[in-house]
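Visitor: Take this structure first; my questions come after.
The values are calculated or read from the model by the stated rules, or taken from the named source; none is laboratory data. These figures come from a predicted structure and were not determined experimentally. Virtual Cβ from ideal backbone geometry, glycine too; neighbours counted across all protein chains shown.
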Amino acid sequence: MLNGGFLGTYYPNANFSGAPAFQRRDVRLEFNWSAAGPGGSRSPEYAAVGPQGFSINWLGSVKSATTETYTFSMTVTGGVSLSIRPTGSSAWTSLISDSGTGQRSRQASYALTAGQSYDLQILNWQNAGAGVTRLAWSSPTVASQTLAPATPMGLNIGYAGANDPDLIFADAVKQSYPFQIYSDHTDASHPAAVDVNGWPTQDATLPIWTSLSETGGTYQLRFNGEAQVVDWLGAGSFSFGGVTYGTTLPLGVGYSAATNTTTATWTISASAAPKAVWLGFSQTRRTSSGGAGTGITNVALLRPLGLNSTQSHAPGEQFTADFKTLVGRFTAIRFMDYLATLSNQQVNWTDRIKPGDWSQFQPKSGYGYQGKGGSWEYLVALANETGKDIWINIPVNASNDYVTKVAQLLAYGSDGTNPYTSAQTNPIYPPLNSNLKIYVEYSNEIWNAYFPQHQQLRVAANAEVAAGGSPLNYDGSTDPAVWFKRRFAERLKQISDLFRAVWGNQAMLATIRPVFEFEYGDTGSYGQTGLNFLDAYYDNGDGVAHVSNPVPVNSYIWGAGGGWYATVNNDCATSISAMYSSGMSMSVPQSTIADSNLTRAFGLAVAGYEGGFYIDNHCGSTSTSQQALQLQANYASPAASFETQSVNLFYHYGGDMPFVFNGVGGIYGVAGPTVHEQNTPKLAGLAQAMATGPAARTVGQAVPATLPVSKAAYATGTTALGGTLAQPAQYIDWTLNLTTAGKFTISTDTATPAAQQIYVDGMPVGSGPWTGVLGIGLHGIRVQDIGKSGMSLRNLNVAAAP
C-alpha cells in the first residue's frame, strides 16, 4: 500500500446513504468486527457506527515489486466489491462482487506491472453484529500476505501537558494543571481541596496553560454547577446568548437548572497577544440546592476546530481535529512521551492515571516534566480514531500484574478503572481495533545513563543476582555491567510472555511485537549482550540445557534497533543555505547498517524508535542568534529533500519500521510551531517518501554465491572473522539481499558440522545442508558453535536449488 493505507469512509447504515459518520486511513484491512463496533471510541462520530448495520468505502493505491499476475483474496462477512484501475485511469475493473451475508472467501486475479501504481476500491456492507473483513494478495513469487503500508512510518507524539504544542485533547482541561485556591493565579503552588476525581470542593482557579503559544479562536466552556468565572489575565472574552461579558462571566449566566450545567463561549482574538490562561471560579455551587463555595465538576474548555476558528469542538469529541490530521499522515504512533516513560515511577495498576480523572496531566514528585502520563484508554481511543498501530512503553518498575492489565486493556477494553478479562458486548472503553499492531518496548533508552530508569534497572539487576538462582549470571559472570545489560533483555522477554498469556500464541509477533531498542549502532553493546544472553540461555544456544523448552529469540521478540537521526555537516554555518550546502552527515544514518547486521542474525526486524532529519547545535555555538538560525533552518524548504533522504537511507541500510521524532515544535518537530501549522517542508518530505515506496536495500550479499567469512555482516569472539569459533554460542552471520525469491541450499565448509547450528532468519535448521525458499528482501544466516571444542569454517555456500 502507498500513502500509509486505505482511506475509509464509514457510514452508520448498510447502504452508504446520507452523510458519513467519520473517515480514517486504515493501515490494513484485517478486521474482526465485534460488539464494540468499528469506531473503537466514545467520541460521538465514532460511536455512531454501531456493531451492525454499517458500510465502508475504502480507497487506496498499491504498487507491486514484480511483473506478474497477482491474486487478491478477500474474506468477508456481508456484501463486498473490489475494483481496480491503473492510477490515472478513470475506468474501474470489477474483480469481486458478492452481496452475500455469511463469512466466506473470494479471490480474483489481475496482471500487475512492477513499479506501476494501481488504485483499489473496496465496498463492504454489514448487517450482522459480528464478522470479518480481510484483504490479502499473492503471486507465484510472493507468498500470501495482508496488504499493508509499503513504507511504514511512525510518529512520536508529545505529552498530555498544559503547554505541549501537540494540543492532543479537544478539551483543554484534560491537559491543564491542577486546581489552585481561588486567589492563586500566578504560580500554581497552592492546590485547592478536591474530590477523588480531582474536581474542586471549594472556590478555585484552574491554570489551563502557562505558555504563550496557544492560538486564538472560539472555545466553549462547560461545567456542572454554577459559578462566576473570571479570566484572570484577560486572554479572552466570555459571551452567552449574543451578549458579550468581557473577562468576567457573571454568576448564573449560561446556567441551566434542569441539567445543572453552565455553558458559555470564550473567544481569544486572532490579533490578541498570546497570554497564559487562568480561569477563576467563585461563588461556586455544585448543585442548585448546594451551599456556596462547594465547588464545581466536569469542567471542559473545548478548543477551536482549527487556527482562529469560530467553531469549537463538539462535546464528547476526544481529540483535536488538527492533531488527528497530523497523526493521520503516519502509519503508527509512539507513545513514549504521552506515557511519561522517562521518569515513570508506576509499579502497581492503581498508580496510573484513569480516563475519568479531571486531567491527563498530573504532576507528581519523582516524575518528570510530563507528570504521570496519560491514561491507557485514551491511547487506545486515539489509535482507533486514526487507524494507527501503536508503540507502547512499559514503565521500568511496572509489576507483572501491571503489565498483564495493560495487555488485557488492549485486548478487551476497560470500565475506566480496571481492564476487562474477556470480550464484552458493550465495553465502556473499547479495546484496540483488531487490525492494529502493538509494538511493546520496555521503558525507553535504558542505555542512557542520563535517565533515572538506567540506574533503577542496574539496582534491580544486582538485587536479582544477590537473591540467587538468577539467569543473569548463568555462566558465572561476576560483572554487574553484564548483569544489567542481560536484565534489560530478560525483562523484555518476561513482558512478552505476559502478553502471550493474555493474547495467545497466534497473536505473538503477528499483532504483539516486542521490540528491543539500544543505542545507535549498538554502542555500548547492549543489543549484542542482551540478544546473546537470550539465545544462549533461553534457547540453549551454547549447547547447555539451561531450559527444558528452548525457544529462539524471534519467537518472542519481533524487532530491535536504535535511533536513525540525520543532520547536516555544518550547523554553525552563518546562513541556512550554507548549512544545507554542507551536506548530510552520514555518521548516524550509517549506524543502521550495524543495527541491521545484528538484528538480522536473530531473525528480527529493524525498528528505529526515534529519528528523522533535524538541525541542532552540535557545533556548540553559544550565540543566541546562531541558535535561532538553526531553529529556523528546520522549517526551511531544503528540509523536505533532506527528510526524504533520511528515510531513504534508513531503508537503504536495512531498516524496516522507522519512527520520526517528533510531532510538533522546536528543532525536531515535523509540524510547528503548533499543531495547526502542518504545511511544513519536513512533512512534505515524509509524504514524498511514503508515496513512492521504500528505497531499495543497499546492504547484504547477492546470491547464489560462495561467501567467505570476510563478507560476514556480524561475528562474535575475537577470532570469528578469521573463521574460528573458539567457544560455544559464538557465531558468524551473513546478510543476504534477494531481489527475487528463490529456492536455495545453504551449507558451510566446516570439517566438524556436528559442532554447528545453522539459523535461517533466526530459526534453527540443523547442521546443514538446508534447502528451502527465501523471499525477496534481506535474510540473516547465522552459523553458531554448539560444540565443546570450538570449530572453524571459511565459507558459507548459498546455492540455487531445483
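Visitor: Are any residues in the stretch 498-516 part of a helix (DSSP H, G or I) and of a type outside the set (K, R), and if so, which ones?
Guide: Filtering the stretch 498-516 down to residues part of a helix (DSSP H, G or I) leaves 498-503, 505-507.
If the condition is that a residue be part of a helix (DSSP H, G or I) and of a type outside the set (K, R), then L498, F499, A501, V502, W503, N505, Q506, A507 are the ones that fit.
Visitor: For the stretch 706-743, what are the residues that are within 27 Å of P140 (Cβ to Cβ), β-branched (V, I, T) and assigned to a strand (DSSP E or B)?
Guide: Within the stretch 706-743, T735 is the sole residue that qualifies.
Visitor: Just a yes or no: is a residue in the stretch 19-40 free of Cβ contacts under 8 Å to residues at least 40 places away in the same chain, over 30 Å from G693 (Cα atoms) and of a type in the set (A, V, I, L, M, F, W, C)?
Guide: Taking every residue of the stretch 19-40 in turn, at least one turns out to be free of Cβ contacts under 8 Å to residues at least 40 places away in the same chain, over 30 Å from G693 (Cα atoms) and of a type in the set (A, V, I, L, M, F, W, C).
Visitor: Also: Considering only the stretch 87-110, state which residues are surrounded by 13 or more Cβ atoms within 10 Å (Cβ to Cβ) and either on the phi > 0 side of the Ramachandran plot or under 32 Å from the mean Cα position of the chain (by Cα) (or both).
Guide: If the condition is that a residue be surrounded by 13 or more Cβ atoms within 10 Å (Cβ to Cβ) and either on the phi > 0 side of the Ramachandran plot or under 32 Å from the mean Cα position of the chain (by Cα) (or both), then Q103 is the only one that fits.
Visitor: Continuing with this model, one more query. Among (1) aliphatic (A, V, I, L, M); (2) modelled with pLDDT of 95 or more; (3) within 30 Å of V142 (Cα to Cα), which single condition is A19 missing?
Guide: Result: A19 passes all but (3).
Visitor: Restricting the search to the stretch 524-562, which residues are of a type in the set (V, I, T) and over 24 Å from the mean Cα position of the chain (by Cα)?
Guide: Within the stretch 524-562, T529, V544, V547, V551 qualify.
Visitor: What's the number of the only condition in (1) under 28 Å from I758 (Cα atoms); (2) touching a Leu at 6+ places or on another chain (Cβ under 7 Å) that E464 fails to meet?
Guide: For E464, the failing item is (1).
Visitor: Shifting gears a bit: Suppose we filter the stretch 160-215 for residues that are surrounded by fewer than 19 Cβ atoms within 10 Å (Cβ to Cβ), among the hydrophobic types (A, V, I, L, M, F, W, C) and not in a loop (DSSP other than H, G, I, E, B); how many remain?
Guide: Summing the residues that are surrounded by fewer than 19 Cβ atoms within 10 Å (Cβ to Cβ), among the hydrophobic types (A, V, I, L, M, F, W, C) and not in a loop (DSSP other than H, G, I, E, B) in the stretch 160-215 gives 2.
Visitor: Further question on the same structure: Tell me, please, whether a residue that is crowded, with 22+ Cβ neighbours inside 10 Å and at pLDDT 95 or above can be found in the stretch 571-582.
Guide: Yes, the stretch 571-582 has at least one match.
Visitor: What is the number of the single condition among (1) in contact (Cβ under 8 Å) with a residue 12 or more places away in the chain; (2) surrounded by fewer than 23 Cβ atoms within 10 Å (Cβ to Cβ) that G561 does not meet?
Guide: For G561, the exception is condition (2).
Visitor: Identify, from the list G37, G60, the residue that is outside the structural domain of L410 (by TED's automatic domain parsing) and either over 24 Å from the mean Cα position of the chain (by Cα) or at pLDDT below 95 (or both).
Guide: So the residue among G37, G60 that is outside the structural domain of L410 (by TED's automatic domain parsing) and either over 24 Å from the mean Cα position of the chain (by Cα) or at pLDDT below 95 (or both) is G37.
Visitor: Ok, one more. Evaluate the stretch 535-551: report whether one residue or more is surrounded by 23 or more Cβ atoms within 10 Å (Cβ to Cβ), among the aliphatic types (A, V, I, L, M) and in contact with a helix residue (DSSP H, G or I) (Cβ under 7 Å, 6 or more places away or on another chain).
Guide: no
Visitor: May I ask you to verify whether P430 is surrounded by 24 or more Cβ atoms within 10 Å (Cβ to Cβ), outside the structural domain of N197 (by TED's automatic domain parsing), more than 26 Å from Y367 (Cα to Cα) and over 18 Å from the mean Cα position of the chain (by Cα)?
Guide: When the stated conditions are applied, P430 passes them.
Visitor: Quick check on my filter: what residues within the stretch 607-625 are in a loop (DSSP other than H, G, I, E, B) and either acidic (D, E) or exposed (fewer than 15 other Cβ atoms within 10 Å of the Cβ) (or both)? Steps first, please.
Guide: Kept after step one, since they are in a loop (DSSP other than H, G, I, E, B), are these residues of the stretch 607-625: 609-610, 614-623.
Within the stretch 607-625, E610, D616, H618, C619, G620, S621, T622, S623 qualify.
For (1) touching a residue at least 24 places away in the same chain (Cβ under 8 Å); (2) polar (S, T, N, Q); (3) in contact with a Leu (Cβ under 8 Å, 6 or more places away or on another chain); (4) surrounded by 14 or more Cβ atoms within 10 Å (Cβ to Cβ), each residue gets a yes or a no:
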residue	(1), (2), (3), (4)
R42	yes, no, no, yes
W58	yes, no, yes, yes
T75	yes, yes, no, yes
I84	yes, no, yes, yes
L112	yes, no, no, yes
Q116	yes, yes, no, no
L120	yes, no, yes, yes
W125	yes, no, no, yes
R134	yes, no, yes, yes
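Visitor: Kindly evaluate T698 against the criterion of being at pLDDT 95 or above and within 30 Å of F602 (Cα to Cα).
Guide: Answer is yes for this residue.
Visitor: Can you report the number of residues in the stretch 381-401 which are in a loop (DSSP other than H, G, I, E, B) and in contact with a Lys or Arg (Cβ under 7 Å, 6 or more places away or on another chain)?
Guide: So the count comes out to 1.
Visitor: Enumerate the pairs (first residue in the stretch 309-325 and over 20 Å from A671 (Cβ atoms); second residue anywhere and β-branched (V, I, T)) with beta-carbon separation below 7 Å, excluding pairs fewer than 6 apart on the same chain, so at least 6 apart or on different chains.
Guide: T310/T218; Q311/T218; S312/T218
Visitor: Within the stretch 641-661, identify whether any single residue is of a type in the set (F, W, Y), under 23 Å from T739 (Cα atoms) and within 19 Å of the chain's Cα centre (by Cα), and answer yes or no.
Guide: Yes, the stretch 641-661 has at least one match.
Visitor: A further question on this structure: So S269 fits all but one of (1) surrounded by 16 or more Cβ atoms within 10 Å (Cβ to Cβ); (2) under 16 Å from Q220 (Cα atoms); (3) in contact (Cβ under 8 Å) with a residue 24 or more places away in the chain; what number is the exception?
Guide: It fails just one condition, (1).
Visitor: List the strands (runs of 3 or more DSSP E) inside the stretch 1-100, counting only whole elements, that have at least 2 residues being under 22 Å from P427 (Cβ atoms).
Guide: Result: 6-11, 22-26, 30-33, 54-63.
Visitor: Within the stretch 655-705, restricting attention to residues that are assigned to a helix (DSSP H, G or I) and of a type in the set (G, A, S), which residue is nearest to S117 (Cα to Cα)?
Guide: The qualifying residue nearest to S117 (Cα to Cα) is A691.
Let's see how each residue does on (1) surrounded by fewer than 21 Cβ atoms within 10 Å (Cβ to Cβ); (2) in a helix (DSSP H, G or I); (3) of a type in the set (G, A, S):
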{"residue": "Q370", "(1), (2), (3)": "no, no, no"}
{"residue": "L379", "(1), (2), (3)": "no, yes, no"}
{"residue": "V403", "(1), (2), (3)": "no, yes, no"}
{"residue": "A411", "(1), (2), (3)": "no, yes, yes"}
{"residue": "T421", "(1), (2), (3)": "yes, no, no"}
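Visitor: I'd like the full set of residues that are within 16 Å of A687 (Cβ to Cβ) and buried (at least 21 other Cβ atoms within 10 Å of the Cβ), limited to the stretch 1-26.
Guide: Within the stretch 1-26, M1, G4, G5, R25 meet the criteria.
Visitor: So for the stretch 758-768 (the condition being on the phi > 0 side of the Ramachandran plot, in contact (Cβ under 8 Å) with a residue 24 or more places away in the chain and not hydrophobic (A, V, I, L, M, F, W, C)), does at least one residue qualify?
Guide: Among the residues of the stretch 758-768, at least one is on the phi > 0 side of the Ramachandran plot, in contact (Cβ under 8 Å) with a residue 24 or more places away in the chain and not hydrophobic (A, V, I, L, M, F, W, C), which makes the answer yes.
Visitor: Within the stretch 336-349, can you find the residues that are surrounded by fewer than 24 Cβ atoms within 10 Å (Cβ to Cβ) and either among the polar types (S, T, N, Q) or out of contact with any Asp or Glu (no Cβ under 7 Å at 6 or more places or on another chain) (or both)?
Guide: To start, the set of residues in the stretch 336-349 that are surrounded by fewer than 24 Cβ atoms within 10 Å (Cβ to Cβ) comprises 342-343, 345-349.
Hits for the stretch 336-349 are L342, S343, Q345, Q346, V347, N348.
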